[in-house]
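Step one of this worksheet: look at the structure below.
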Amino acid sequence: MLTMKQGFIRQLDPKDGALVMAHILFAFFALLLGGIAGMLQSVVRGGMYTLPGGIGYYQLLTAHGILMAIVFTTYFIIGFLYSGIARTMGGALLPMTRRLGWAGFALMTGGGLVVLAMILLDKASVLYTFYAPMKAAPQFYFGLAFVVIGSWLSGFGIFYQYRDWRKTHRGKLSPLFGFMAVVTMLLWQIATIGVAIEVIVQLIPWSVGWTETVNVMLSRTLFWYFGHPLVYFWLLPTYICWYVIIPEIIGGKIYSDALARLSFILLLLFSIPVGFHHQLMEPGVSPLWKYIQVVLTFMVVIPSLMTAFSLFATFEQNGRLKGAKGLFGWLKVLPWKDVRFFAPFMGMLAFIPAGAGGIVNASNQMNAVVHNTLWVTGHFHLTVATSVALTFFGITYWLIPVITGRVLTKRVNKLGIIQTVLWLVGMLFMSGSMHTVGLLGSPRRTAYTTYQDHTDAILWMPYHVAMAIGGIILFVALVLMIINVVALLRAPKGETLYPLGKSSAPEEATPRFLERWGVWISLVVLLILFAYTIPVMDMLGPDTYGAPGYKTW
């Protein structure tokens, strides 16, 4: 149980802390491996390095994408959410919650190691989207299935803890962190149904030879049914930090509990039935259904703008209470020298151009220009690799001390600021060059080539070199982050606050209908059925054709 001493909250129950730390440390292990692959990939693409025999460019690209975008994020998110529900809903995890968490961790880790082994053995260089008809070894798909099933068990643990809290606190509004954790895992559970069907029903039978061909269009549709909600699975925990954690770190209050909950419900409703905007250039989907899902995509802008308004209202409200004057005087009182604030705030700022790029990608005419170019790669490096990653780094600087009973030292805090600045500089070089050269037509998913010294390709090369420089700077920043994690584990003993913000409005101001889960889940299901039923029926019709498997590497 949590105890109070000198105004600070003691670290989590040791059993809960062990579960959380297992997830966080494995996440950083994956980040380091993925970072090595990414750095090598960037210098190869920039023409600065030639890989030794036996290592393929697409092998690195697959490892980088899966380790960074799926393994690092999923482990960190689950660890973070478990820490929050332990802190806010009961003071400790229930035994059943803890068992589900460890079972999920074991299945994800076992499956993830199998996936990694297949990539390292060069039997699965199919990129992180694993598009058919490229065919990996069967073990790769079995490993993916275990990762998904394990994550479901972890989600059930969060639901179990929340359900028990509601039973023992009837009539009370649930803690904001707990509510947001439920929405995040509910989004994940629903979204991963698509990729689970793809892997278990299509890809595993096809890879082991039980079926000769695979329905490529259906396979890609099922992936992107999952693929775009995956972006919001990354972002919702980021928003939890921005909404709930940052106000406490700056000494302020949450602007509106009700607005925060409503924004999460809207993101749950509108982030799943939008996968066709990733398939705007594919001929196998009716333009009508592409249009409908693009409209639903733009609905996601509303809760995103609500989030931006709430966050900057929190900052200004905090500044005014501290005596800040003038239009932007509140900026001066923010704790710029505290890495727990600085890193996530830089992530917030990066999300502004990232969101603007997302509008481009989801617009049919503009998507036709940038779809198969490095612009798209630059876009998701701004979202997951900047906004999300920097926020997760900021969380790490207080979460590890909370769990281990240590304190963030001035030295590690200073190194954290330096690491954040290095990350931003590296991403400016890399993502900025990707966006620019993408507009000039440089394609994505390609290794180094000058296309027989074609004029256009020669003009792209300075940007590719800048991308490589950015990749090197990012790797230096990543190594510094790993050093900081080790330093946090060895920091002086002490008690660190789990920073949970309080709302500036009373709890009664939050409508209770926001926790009527049957209503919201029913609406999500209806939107999904509306957006996907007819297109999927067309893909299963008599005029569809299957493709045999190919090894293209």
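Each residue of the stretch 203-210 was assigned a 3J(HN,Hα) from its phi angle through the Karplus curve 6.51 cos²θ - 1.76 cosθ + 1.60 (θ = phi - 60°); the sequence is 6, 5, x, 5, 6, 8, x, 6 Hz, with glycine and proline shown as x. Need the list of lysines near Lys135 for cross-linking: C-alpha distance under 26 angstrom, and skip anything on the same chain fewer than eight residues off. Filter leaves Lys123, Lys551.
Normalised by the number of residues in the stretch 155-302, the mean separation of alpha-carbon contacts (under 8 Å, six or more apart) gives a relative contact order of 25 percent.
Treating the angle as unsigned and between 0 and 90°, give the value, to the nearest 10°, between the Cα long axis of helix 339-361 and the longest Cα principal axis of the chain. It is inclined by approximately 40 degrees. Please give the helix 455-489 orientation as an angle from the longest Cα principal axis of the chain, in degrees from 0 to 90, rounded to the nearest 10. Helix 455-489 sits roughly 40 degrees off the main axis of the chain.
Cα centroid separation, the stretch 495-553 to the stretch 380-413: 28 Å. Residue-wise HN-Hα couplings along the stretch 245-262, as the Karplus relation 6.51 cos²θ - 1.76 cosθ + 1.60 with θ = phi - 60° gives them from phi, are 8, 4, x, 5, 5, 8, x, x, 10, 5, 4, 7, 4, 5, 5, 4, 5, 5 Hz; Gly and Pro carry x.
Helix content alone sets the calculated 222 nm mean residue ellipticity of the chain: runs of n ≥ 4 DSSP H residues at -39500 (n - 2.57) each, divided across all residues, give -22500 deg cm²/dmol. For the stretch 267-283, the residues whose amide N sits under 17 Å from a probe point set 7 Å from the Cα of Phe513 along the beta carbon direction are 267, 269. Spin-label model, Lys337 to Lys502: label points 7 Å out along the Cα-to-beta-carbon direction sit 2.8 nm apart. Taking amide H as placed 1.01 Å from N in the peptide plane, Ser503 has its amide H under 5 Å from the amide H of Ile254, each at least 5 places away in sequence or on another chain.
Across the chain, the fraction of Cα-Cα pairs farther apart than 37 Å, rounded to a whole number, is 29%.
Here Lys414, Lys135, Lys290 are placed in order of increasing Cβ neighbour count within 10 Å, fewest first, which gives Lys414, Lys290, Lys135.
Report the gain in length on full extension from Glu212 to Lys325: 0.36 nm times residue separation, minus Cα-Cα distance, nm rounded to one decimal.
Working: separation 113, 0.36 × 113 = 40.68 nm, distance 7.03 nm.
That works out to 33.6 nm of additional length.
Quick check on the stretch 335-509: what are the equivalent-ellipsoid semi-axes from the Cα gyration tensor, as sqrt(5λ), descending, whole Å?
Values: eigenvalues 279, 90, 21 Å².
Working through the eigenvalues yields semi-axes of 37, 21, 10 Å.
The label point for Thr409 and the one for Asp543, both projected 7 Å from the Cα toward the Cβ, are 6.9 nm apart.
Quick one: which of Lys172/Lys502; Lys172/Lys253; Lys172/Lys493 span more than 25 angstrom between C-alpha atoms? Walk me through the intermediate numbers first.
On the way: Lys172/Lys502 16 Å; Lys172/Lys253 20 Å; Lys172/Lys493 36 Å.
Beyond 25 Å between Cα atoms: Lys172/Lys493.
Spatial offset of the stretch 100-170 relative to the stretch 285-302 amounts to 29 Å, using the alpha carbon center of each. Relative contact order of the chain, taken over Cα pairs closer than 8 Å and 6 or more residues apart, is 20 percent. Rounded to the nearest 10 degrees, what's the angle between the helix 176-197 long axis and the longest principal axis of the chain, both from Cα atoms, 0 to 90? Once rounded, one gets 20 degrees. Taking every C-alpha pair closer than 8 Å and separated by at least 6 residues, the mean separation divided by the residue count of the stretch 335-509 gives a relative contact order of 31 percent.
If packing is taken as the average number of other Cβ atoms within 10 Å across a peptide's residues, how do 475-487, 72-84 rank, most packed first? Intermediate results must be reported in sequence, preceding the final value.
Working: 475-487: 18.5, 72-84: 26.4.
Output ranking for 475-487, 72-84: 72-84, 475-487.
With R₀ set to 22 Å, the beta-carbon distance separating Met281 from Tyr550 gives a calculated FRET efficiency near 0.60. For Lys290, a cut-off of 13 angstrom between C-alpha atoms picks up these aspartates and glutamates, skipping any fewer than 8 places away in its own chain: Glu282.
All of the numbers you see were taken from the coordinates with simple rules; none came from a lab. Source: prediction; values computed, not measured. Neighbour counts are summed over all protein chains in view; Cβ atoms, including those assigned to glycine, are modelled from backbone coordinates with ideal geometry.
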